[in-house]
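Structure first, commentary second.
What follows draws every value from the coordinates through simple rules; no lab data is involved. Being a predicted model, the structure only gives us computed values, none of them experimental. Reconstructed Cβ throughout: ideal geometry from the backbone, glycine too, with neighbour counts over all protein chains shown.
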Amino acid sequence: MDTYCDAWHTASPDKVGMASSLLGNKLLDQDRYSCDNRFIVLCVEALPHDQRRRKRDTHSHTYEFTNELDYSRHLAEVMAQT
């Protein structure tokens, strides 16, 4: 696993990882990208209908956006930090 990003915890340009673009509407089509790229991570949770959701960890770094404006503001803040 030396040639991979190891869960994107390295910024080495000679290592690669798998990711997909949100623009193509094909989230599961992954392409190889060098690990020195900066990406926004979208996590999708898929559960069977009969499984109950566990209470979400409120200390994690996840954000819930109620509308497009909130998301745009957050994205602008993130991009300003880079």
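Counting Lys and Arg as +1 and Asp and Glu as -1 over every other residue whose Cβ lies under 14 Å from the Cβ of Pro13, the net charge comes to +1.
Working note: Karplus 6.51/-1.76/1.60 with θ = phi - 60° gives the range 13-27 the couplings x, 8, 10, 10, x, 9, 7, 9, 7, 7, 6, x, 6, 9, 5 Hz, where Gly and Pro are set to x.
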